[in-house]
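Everything on this sheet refers to the single structure shown next.
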Amino acid sequence: MTNTQYPHLFTPLDLGFTSLKNRVLMGSMHTGLEDGSNHDRLSAYFAERARGEVGLIVTGGYAPNRAGWVYPFAGKLSTRREARKHSQMTAAVHAEGGKIAMQILHAGRYAYHPFAVAPSRVRSPISPFTPRELSASGVESQIRDFVRCAQLAREAGYDGIEIMGSEGYFINEFLVTHTNHRKDEWGGDYSNRMRLPVEIVERSREAVGKDFIIIYRLSMIDLIPDGSSWEETVALAKALEAAGVTMINTGIGWHEARIPTIATSVPRRAFTWVTKKMKQEVTVPLVTTNRINLPSVAEQVLADGCSDMVSMARPLLADAEFVRKAREGRADEINVCIACNQACLDHTFSKKTSSCLVNPRACHETELNYVAAPKRRKFAVVGSGPAGLSAALVLAERGHDVDMFDAAAEIGGQLNMAKVIPGKEEFHEMIRYYTRQVELLGINLHLNTRVDADDLAANDYDDVIIATGVTPRDPKIDGQDHPKVLSYIDVLRNNAAVGERVAIIGAGGIGFDVAEFLLHDGHSPTLDLDQWLAEWGVADPADARGGLSHSRKQPQPSRELTLLQRKAGKHGANLGKTTGWIHRAILKMNNVKMIGGVNYERIGDEGLLISYGDKREDPTWLDVDNIVMCAGQIPLRDLQEPLQAAGISTHVIGGADVATELDAKRAINQASRLAATL
Ligand code: FAD
Ligand code: NAP
Ligand code: SF4
């Protein structure tokens, strides 16, 4: 029966020898569990997503040999013994009625180890190891390893493989002159440079037979200097089709590209137009990707004829039941990926197991479960920021009675400030999700209600969860009561009028966010795809190699900003590993002055007086209209002492517990884990 809300998304995809039940492909993600010792955890993780009805799962990348490891002892499939272990995962997925393909990923010069190999000895900017240049027979042996890996994947019970040909890894490196300087039959003109992927596909197809899915992930826009031309990319796509691929998936940008491709400030479906261009060139089904996080967006992408399938990776971390909820008309219950990268990609790059900011169970399915409570109890949760909300949801899901109080008129706590930052619009989705869950789980919500210990003591609660968050730190700067001075709360929450020249004290996450808020004055480039592409210099790859434009549009900042910190060194050093550079680049594009190593001497009619270093040298007035304080936060937990004195059992979570380095990831994780045990 046709799904009336998402007709394209829920039309099965007939691949000839098999059929996929819908158009959602779970894109490959490294979870940090691929090293061969975590098959139980991976099985549970994949099985949950198969139960959630995703059409086809693609695993994280497995190397076809040691040289192809992303880092030492990363996932690999090159022996029968390894294949037998993989069959636990494929069986778990099949038992839930799902299908799963294994990604074969050879890291090439991106490998973080000394055995790295590549077409030429060209070190990448993201690995300290210079790769060894392969001999011609060395190239042959890499191809044989790919083919063997494909065969082993079939033996392990996979429904197919995805050959990773994008993002700047090994195969991609053969395609462009930037990384391929060879003079033999694997280098030189494009027909030679593209031989490697074509041979890999052709020989793999021969080895695995006709009835096995082979997806090729093709870099459709490299976003690097000297990247592929569109003509070359089309030529490769056609050759891959002839060589026997079942589907072509889209890759956007090499990892070393200096253009954001999946961060939250990237507009939704920002690159689906690239796949749409390719639709005119080949007949095999195409998969499109990047910043598609809602069923409505996915449906529109398909309805617009951009692709035959939509790849969503992180959205399936955020909610394993994404597809089922959409099919059942419960899209408003989906826990939406906000594209923050904080618990997934940032973890990967810090060698930690991935998870998800909005769903700490992701990749932890075997140890974090919200099972029914043995005894129904009555809880008060004070504060409806992410900590309080997460605790309340888990407690209610487990069968407890929950009263939740917030002094504010709306739930969300500081998320309500995050959501107004240009490029952080996805935080609206988080609040929407929580609002619906509070309703569905029957949590008794009391807004506009500041509670004190007496109110709580009068109500016979078994336990009180204190999730009252934080309050801004007092920076104790001479003259800080001057009318020029505002706090980030005045600016982001209370719509304070702000002048044209502004100094921001504090260059942490909030200082950066306030800067972006003031620069864009309500207009978010994230909501304007053409402006966003022009400012980042993304062009049609048919007009410019690699899709890199020769000129970028200069943004028009609405204010002159100076962002200050006392420490020397890089501004925003503690921002996300995979996103900090984007925030710094945006501020740079908008001519924000970043000054470090300062002392704040005084605030007065003249502006802000700063000096430098221990000797307090060169005192200078910054002639500004306003000074915005973003100097960090301290916990707000004044309820704890009187409640404890009254003999009431309390738990303190989120910012109320520890404000240093607090973020929503920690608040949600701590709250969910506590609530799972009460
Ligand atoms: P809060 O969110 O501060 O919530 C506390 C709640 O308790 C408030 O709603 C308050 O009204 C209520 N309350 C306090 N006292 C009482 C009382 N006595 N009675 C009733 N109610 C009370 N984090 C990230 O991870 N990623 C980001 O990108 C990010 N961006 C941010 C951008 C901005 C501009 C800001 C300000 C924060 C951002 N954060 C981000 C930080 C994140 O929002 C906080 O870490 C998180 O909100 C802390 O959660 P919490 O529940 O502990 O406290
Ligand atoms: P923060 O990251 O700790 O930054 C506080 C800033 O204030 C620092 O630049 C610090 O630098 C300065 N500072 C500290 N004490 C000061 C003092 N006494 N006088 C003057 N300046 C002082 O805190 P935040 O920016 O308030 O952010 C709060 C939390 O929200 C953070 O933990 C952050 O991770 C989270 N957040 C995250 C994001 C994100 O994108 N992930 C975005 C926003 C917020 P100096 O000490 O060098 O001056
Ligand atoms: Fe999405 Fe952030 Fe979760 Fe990663 S951590 S899956 S980006 S919400």
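A few comments on the model shown:
- Measuring nothing but protein heavy atoms, the accessible surface of region 13-331 at 1.4 Å probe radius is 48 percent carbon and sulfur.
- Helix-derived mean residue ellipticity, 222 nm - over the chain, DSSP H n ≥ 4, -39500 (n - 2.57), to 500: -9000 deg cm²/dmol
- Taking every alpha-carbon pair in region 399-458 and binning the separations at 10 Å intervals from zero gives 20, 43, 29, 8, 0 percent.
- In region 349-388, the trypsin sites (Lys or Arg not before Pro) that fall in loop regions by DSSP, at most 11 other Cβ within 10 Å: LYS351, LYS352, LYS375, ARG376
- Contact order normalised by residue count of the chain, Cα under 8 Å, 6+ apart, percent: 12 percent
- Straight-line cross-link reach from LYS484 at under 19 Å between alpha-carbon atoms covers these lysines, not counting any fewer than eight positions away in the same chain: LYS476.
- Using C-alpha pairs under 8 Å with a sequence gap of at least 6, the mean separation divided by the residue count of region 13-331 gives a relative contact order of 16 percent.
- Seen from all directions on average, the chain presents a Cα convex hull projection of 31.3 nm².
- Residue order for TYR45, TYR461 - accessible surface, 1.4 angstrom probe, largest first: TYR461, TYR45
- Antiparallel bridges, percent of DSSP beta bridges restricted to region 13-331 (to nearest 5): 5 percent
- Exposure ranking of MET1, MET594 by accessible area [1.4 Å probe, largest first]: MET1, MET594
- Cut-off under 5 Å, modelled amide H: who pairs with TYR112 long-range: TYR71
- Against the main long axis of the alpha-carbon atoms of the chain, helix 136-155 sits at an angle near 80°.
- For region 297-307, 3J(HN,Hα) computed residue by residue from phi via the Karplus equation (6.51, -1.76, 1.60; θ = phi - 60°) reads 5, 4, 4, 5, 4, 5, 4, 7, x, 6, 6 Hz, glycine and proline entered as x.
- The residues of region 293-388 expose, per residue, 32 Å² of accessible area to a 1.4 Å probe.
- Amide H to amide H, with H built 1.01 Å from N, ILE57 comes under 5 Å of MET26, LYS99, ILE100, ALA101, counting only residues 5 or more places away or on other chains.
- Across region 389-401, computed HN-Hα scalar couplings (Karplus, 6.51 cos²θ - 1.76 cosθ + 1.60, θ = phi - 60°) run 4, 5, 4, 4, 4, 5, 4, 5, 4, 7, x, 7, 8 Hz from first to last residue, x flagging Gly and Pro.
- For the chain, the longest principal axis of the alpha carbon atoms and the long axis of helix 664-675 meet at an angle near 80°.
- Descending semi-axes in whole angstrom, ellipsoid equivalent of region 70-218, from the Cα gyration tensor: 28, 17, 12
- Unit charges on C-beta of K, R, D, E only; dipole of region 13-331, Debye: 500 debye
- Surface accessible to a 1.4 Å probe, per residue, for the residues of region 500-649, Å²: 49 Å²
- The stretch between VAL297 and TYR190, if pulled fully straight at 0.36 nm per residue, gains 34.9 nm over its current Cα-Cα span.
- Degrees separating the helix 509-520 axis from the principal Cα axis of the chain, which is the longest one: 80 degrees
- Dividing the mean sequence gap of close Cα pairs (under 8 Å, 6+ apart) by how many residues region 600-678 holds gives a relative contact order of 18 percent.
- Residue-normalised accessible area of region 139-187, expressed per residue, 1.4 Å probe, Å²: 28 Å²
- Using the empirical formula 2.2 N^0.38 Å as the baseline, the Cα radius of gyration of region 13-331 reaches a ratio of 0.93.
- The alpha-carbon of LYS577 sits under 27 angstrom from the alpha-carbons of these lysines, leaving out residues fewer than 8 places away in its chain: LYS76, LYS351, LYS352, LYS419, LYS424, LYS553, LYS567, LYS588, LYS593, LYS665.
- Radius of gyration and Dmax over the Cα atoms of region 407-551, both given in Å: 21.1, 71
- On full extension, the segment bounded by ARG436 and THR471 gains 9.8 nm, given 0.36 nm per residue less the C-alpha separation.
- Nearby aspartates and glutamates by direct alpha-carbon distance to LYS615 (threshold 20 angstrom, same-chain neighbours under 8 apart not counted): ASP478, GLU601
- Phi angles of region 445-454 translate, via the Karplus equation with coefficients 6.51, -1.76, 1.60 and θ = phi - 60°, into HN-Hα couplings of 9, 10, 8, 6, 10, 7, 9, 10, 4, 5 Hz per residue; Gly and Pro are given as x.
- DSSP-defined beta bridges in the chain - what % are antiparallel, rounded to 5: 20 percent
- Between amide H atoms placed 1.01 Å from N, distances below 5 Å from ASP463 occur with LYS378, ALA380, all of them 5 or more places distant or on a separate chain.
- Label point at GLU231 placed 7 Å out along Cα→Cβ; residues across region 169-202 whose backbone nitrogen lies under 18 Å: 175-178, 188-195
- Each part gets one Cα centre, and for region 31-48 versus region 332-387 those centres are 18 Å apart.
The values are calculated or read from the model by the stated rules, or taken from the named source; none is laboratory data. Only a predicted model underlies this, so the values are computations on that prediction, with no experimental measurement involved. Heads up, the Cβs are rebuilt from the backbone with ideal geometry, glycines too, and the neighbour counts pull from every protein chain shown. SASA here: full protein model, heavy atoms, side chains in, ligands and nucleic acids out. Shrake-Rupley method; radii C 1.70, N 1.55, O 1.52, S 1.80 Å.
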